[in-house]
Amino acid sequence: MLKKFAIGAALMCAGCVSMGTDYDATAVDHLQVGMNKQQVIEMLGQPNQVIDYADGSQRLVWVHSTGSMFGANARSVGLPFGPDGKLTDVPN
C-alpha cells in the first residue's frame, strides 16, 4: 500500500514547477518602515529583481510562481527603499 502511495505521489509531482524566491508571505506582515535592506532580505530571501532609481532609491521585488497539472499560482511583493537603504512603505 505504501509503495502505491509513493508512486502516486511521485507521478502527481512529476509535472510540478516552482520559479522565483519562495518567500514567506506571512513574513511580509511583520515588515516595518525603517528596516534596512539586509533585515528585509534575511526575512524574505534574495529578491528576484532590484530596480534602481536616479535619486538613489530602490525597489526590491520578490516573485514566486508554482504550477502543476492542477493549475498555477503566483504571488509577488515589491518594496520601496529610500536612498539611505531603509524601507519607506509596507504593504497593507
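Summary of computed values
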item: Charge tally in the Cβ shell below 15 Å around residue 64, where Lys, Arg are +1 and Asp, Glu are -1, residue 64 excluded; result: -1
item: DSSP bridge pairs, the range 17-81: antiparallel proportion in percent, nearest 5; result: 100 percent
item: The range 17-81 - charge dipole about Cα centre, Lys and Arg +1 at Cβ, Asp and Glu -1, debye rounded to 20; result: 100 debye
item: Hydrodynamic radius (Kirkwood) for the range 17-81, which is based on Cα pairs only, to one decimal in Å; result: 12.8 Å
item: Separation in nanometres of the label points that stand 7 Å from Cα toward Cβ, at residue 73 and residue 86; result: 3.6 nm
item: Net lengthening on full extension, residue 53/residue 30 (0.36 nm per residue, minus Cα-Cα); result: 5.7 nm
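Here, each number is a calculation from the coordinates, and none is a lab measurement. No experiment lies behind these values; they were computed from the predicted model shown. Positions of Cβ are backbone-derived with ideal geometry, glycine not excepted, and every protein chain shown enters the neighbour counts.
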